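Worksheet for the structure shown next.
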């Protein structure tokens, strides 16, 4: 079973370099089924706030582009994928889990899973909002995004952020990928493409990203929040 492991400082926090490496790792899997998991005791704690606090407008644009490209590589990957959510999956970490065909989370009650961007003043990139609409049950959209909570695994399961819980999420995720990989490969790839093609993009979103999302991310307020959060670690 092919395995991609997120490994970075700060509980596998997502810097530009980590996102670019993830995209390269997905492409290097060359259409073979895989499980995505995190090194150590976390799946991914979200964006690298140290980097976020230092980026200028060009750097912020590169970060959002790297996130979009990593998401697209995962979401549109032709073969079966699963996220083994072995610990916290916060903000961008939860996004990556949602990009996989399914997510199996640890049953450990200490783990937290969710999209807390609204709580820290970050509007969702359009592709992330589209991902939520595609993968999360409609009745949970506003609680997940506007409530901006970080949920224990049973609540994350009830909200549709993950599909299953397990004491050993890696073994369970590998079992799920093996089950899906038993389907005829060409039919799986085509049906997945038919279901997902165009789901993360729409006319006009580039303008929204450039005129509304990017200025909000590239603000002194967001940098100050990032530094304040770092001060609590």
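At a glance:
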item	result
Near pairs, Cβ below 6 angstrom, 6+ apart or cross-chain, from region 15-43 (at pLDDT below 95) to any residue that is outside any helix (DSSP H, G or I)	none
Which listed residue, of 165, 161, is closer than 22 Å to residue 5 by Cα, part of a strand (DSSP E or B), in contact with a strand residue (DSSP E or B) (Cβ under 6 Å, 6 or more places away or on another chain) and in contact (Cβ under 8 Å) with a residue 60 or more places away in the chain	165
Of all residues making up region 99-127, the number that are closer than 23 Å to residue 172 by Cβ and surrounded by fewer than 24 Cβ atoms within 10 Å (Cβ to Cβ)	7
Any hit, region 88-97, residues being closer than 29 Å to residue 179 by Cβ and out of contact with any helix residue (DSSP H, G or I) (no Cβ under 9 Å at 6 or more places or on another chain)	yes
Any chance residue 53 is modelled with pLDDT under 95 and either surrounded by 20 or more Cβ atoms within 10 Å (Cβ to Cβ) or in contact with a helix residue (DSSP H, G or I) (Cβ under 8 Å, 6 or more places away or on another chain) (or both)	yes
Restricting region 195-232 to residues that are modelled with pLDDT under 90, in a loop (DSSP other than H, G, I, E, B) and under 22 Å from the mean Cα position of the chain (by Cα), the residue that is farthest from residue 72 (Cα to Cα)	202
Filter result for the condition that a residue is over 29 Å from residue 224 (Cα atoms) and assigned to a helix (DSSP H, G or I), over 24, 17	24
Complete set of residues in region 41-56 that are in a helix (DSSP H, G or I) and closer than 23 Å to residue 86 by Cα	49
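The values are calculated or read from the model by the stated rules, or taken from the named source; none is laboratory data. Computed from a predicted model, the values in this text were never measured in an experiment. Glycine gets a Cβ as well: all are built from the backbone with ideal geometry, and neighbour counts include every protein chain shown.
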